[in-house]
Amino acid sequence: MNQETLDQHEHGSGETASLEMCRVRLSYKEADLLLGVLASQYRILAPVRLPGRGRFSDQDAIRYGEIHSVGEIVHQERAHFSPKEVVFPISQTLFHLTEDEMHEPAGDPRDLLIFLRACDIHGFARLDDIFLRNGLVPDPYYARRREKVKFVLLECRQSLDAYCFCVAMGTNRTDANAMAVRFADEQLLIEMRDPALFSALPATAEPVKFTPEFPATDSQTVSIPDSDRLQTAIRARNFFAHPMWADYAKRCIACGRCNTHCVTCSCFTTYDIADAQQPLAGERRRVWAGCHIDRFTDMAGGHHFRDDNGSRMRYKTMHKIFDFHQRFGRHMCVGCGRCDAHCPEYLSFAECITRISHVLEEEG
Amino acid sequence: MTNPYQPQPATILEIRPETAIDTTFRLAWDIPPAPGQFFEVSVPRLGEAPISISAIGDGYLEMTIRKVGRVTEGIFALQPGDRLYLRGPYGHGFPLEHLAGSRLLVAAGGTGLAPVKPVIQYALAQRERFLGTDILLGFRSPEDMLFREAIADWQQHGAVYVTVDRSGPGWTGHTGVITQLIPALDLSPLEQIQAVVVGPPLMMKFTVLALLERGLREDQIWVSYERRMSCGLGKCGHCKINEKYVCVDGPVFNFSDARWLID
């Protein structure tokens, strides 16, 4: 960074430089230089396009992957899978099991820089509630990766599309990011909040006035049920037996795409596997699990719960907009819209929670 | 950071078959868990399963295990001297100090007897602290009866009622579901009763209803819930009911809380 840039942002504050932010404009070429410098310390992850890997023929998947240039970042649309897989992988080895020995795998020591949107930054706060705060002790596998993470906010000046409802969930704004970026005509506008990143800026960086904007309205109207009224409806009026859930029982096919695409779904199942060639070698792994998916509650001996898919929709919905709030004081759902964007039956979670609000109003 | 998923080896001291499919394993273990707590037990390369404790002793604990899946089949293949891998104990056990002073009523169905057996043994060992101990036990058939020796011993000290769903050769006891035993029970003084109900979901539901019908308040009833679990640490999500996690908030709940837990 050149002296002029520093001067512009540090003079006149009377505060220490570390409290200052650095705001610059970079061409893509300059931004690639920035990424190159950062790559010496960080694995840099962003939504990338995986050609032909989409759900249907000739469609692409957009998922988190390591990037080396700005051009790889898919910024115009929502990543299909959320960034949670960076810190909470789909499948993760907990132990290598060799004869009587159990060894933790050595993790990747590099720090992580993740490009993501405000809703997903809030999503990580929900994952933190479960993995770091719920129960007696933090989850060490999550904690070790999580403490390496810095967030780069991908600015959303308005809702990305019709599925977003971050404003309703109160997750449209954030200041938990180390850096924010706006894509503008082959240029990046950057606000750096974390002084540890300042020195990575190229000397040619041009100072600019840029403060990230946040969406002020959702493109759909979503109404969050009042927790006290919902509690009353559940306890006094048997709300879990309301006919609205029977509708979901008919339509949900229990594929679990809402669970797997959700940034806050954190459930997993542990499995042991043995090497077919060397039966005394194996692994203990944890793999994503989802409350919509068959066998989620199955116990050895044959007992199971929520056999109908309407009960699963109800269970998930209650967790996202009621139970979690009872436990942690904020809703689990962050309104990213992925569940609705990916449901093959076109079920809408946003409509579901709005419908609950309407039922509560009708019943008084 | 110590890894809470890392289990510790526990040597099998003794193996005692209880029925054709249930076997008690005595394991060397130094730090005694509380009655009602559970461990995550694993056989490397087969998996982990949450298992409750059926006896707690000096330098050992016992688990009574039914052969019903991959992990338990692996456990059944082991011999004394072999090692199981344990982490825990997890969860809240039964509130023994709160139960002391009461007239204790235990209703257990099938393998649900395993986690309450240490409670019964505590109450009978400290008889002077209880107004009495009534034990209702239900099994599917006479062949499914667990802990025969222990039950015979309890019959010397407390009122024990055993019923089986299906009678069999030589069975002279009661036949029928456990709830049929409740209407005739002496529950006086009613306000001094503390009831512990553990068993399969339907058995627990109807036993609790029968006790409420007899006039017990909800807060006089304690239940222990069994749910699928992968972690025991409040992370994996399988055992969540409402805002509660059975592994860390339970598995023992007062029924005044448990009544609102809807799966």
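See the values below:
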quantity	calculated
Average beta carbon contacts from partner chains per residue of A:139-146, 10 Å cutoff	3
Top of A:Thr204, A:Thr264, A:Thr171 by mean-square fluctuation, Gaussian network on chain A, Cα under 10 Å	A:Thr204
Candidate lysines for bridging to B:Lys205, where Cα separation is under 26 Å - those fewer than 8 sequence places away on the same chain excluded	A:Lys316, B:Lys67, B:Lys117, B:Lys240, B:Lys244
Whole-Å distance, taken between Cα centres, linking region A:224-276 and region B:41-97	31
Expected-Rg normalisation [2.2 N^0.38 Å, Cα atoms] applied to region A:186-330	1.60
Inter-label distance, nm, simple model (7 Å from Cα along the C-beta direction), B:Ala20/B:Arg217	4.7
Candidates A:Phe210, A:Phe56, A:Phe324: whichever shows maximal mean-square fluctuation once chain A is modelled as a Gaussian network with Cα springs under 10 Å	A:Phe56
At R0 = 60 Å, FRET efficiency that the Cβ-Cβ distance of B:Ala77 and A:Asp175 yields, to 0.05	0.60
Ordering of B:111-119, A:190-198 by packing [mean C-beta count within 10 Å, highest first]	B:111-119, A:190-198
Choice from A:Phe268, A:Phe115, A:Phe305 showing the highest fluctuation, given a GNM over chain A with Cα pairs closer than 10 Å	A:Phe305
Global form of chain A, assessed from the alpha-carbon gyration tensor, a/c cut-off 1.5	oblate
Alpha-carbon centroid distance for the pair region A:301-322 / region B:192-214, whole angstrom	24
Gyration tensor verdict on chain B (Cα atoms; rounded if a/c is under 1.5, prolate if a/b is larger than b/c, oblate otherwise)	prolate
Anisotropy class of region B:8-90 from Cα gyration tensor, a/c 1.5 cut	rounded
B:Trp260-A:Arg237 pseudo-label distance in nm [points 7 Å out on the Cα-to-Cβ vector]	1.8
Helix-only mean residue ellipticity at 222 nm for chain A, each DSSP H run of n ≥ 4 adding -39500 (n - 2.57), per residue, nearest 500	-8000 deg cm²/dmol
Residue-averaged [θ]222 nm for chain B, counting only DSSP H segments that reach four residues, each worth -39500 (n - 2.57)	-5500 deg cm²/dmol
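Each reported figure results from applying straightforward, stated rules to the coordinates on display, with no laboratory input. From a predicted model like this one, the values you see are computed outputs, not experimental measurements. Every residue, glycine among them, receives a Cβ derived from its backbone with ideal geometry; neighbour counts consider all protein chains shown.
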